[in-house]
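First the structure, in the form of structure tokens, and then the observations on it.
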């Protein structure tokens, strides 16, 4: 694409680029920088007609002001040559996160801790996530995170593994990538470990699941 774009859809899906993979839900915005080749897989779980919305970024008034300002700020810093680029991006992200928090409807603020963690993991499946990084993203202490997860009868390791396995399941069904590549893109250190975890959760091997799905 010759311009930056924002894509949104009423379906679930995945976007892959430069050997990275991110997942999205209905209504979420996907920012695609110009000159970046991406592959997008979209599907509707409930059988509704699929709708995809594409917006060019050049002061587009159809997007919310905070989204446009955020994307422009990140894009400008990303294209700059400053040595503290990563720190500036983190600061911008934190600022807009706080601004968005104050404008977020009540139902969005009432998401459970698990529901807040899941999209973070989906966006960076290959990242070696730690609880301290999650706490920093959610602006909570490690003690608060532990209590919240205990109350929901789960653990961070379980959430992380489940998100990676669910992502792998989609790729096995929707793409022709090798099982080894899928296990790598979803954050597993080895294909054998991935196969073991996949079978334990879904009671079928990745190979058998793919054959059954196609």
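Here are the numbers for the structure shown:
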quantity: Linear extension gain, residue 177 paired with residue 191, 0.36 nm per residue minus alpha-carbon span; calculated: 3.7 nm
quantity: 17 Å tail of the calculated P(r), the stretch 111-214, as % of Cα pairs; calculated: 53 percent
quantity: Contact order normalised by residue count of the stretch 111-214, Cα under 8 Å, 6+ apart, percent; calculated: 25 percent
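Any read-out appearing in this document is the output of simple, stated calculations on the displayed coordinates, not a laboratory observation. In this text the structure is predicted, and so the values were computed from the model without any measurement.
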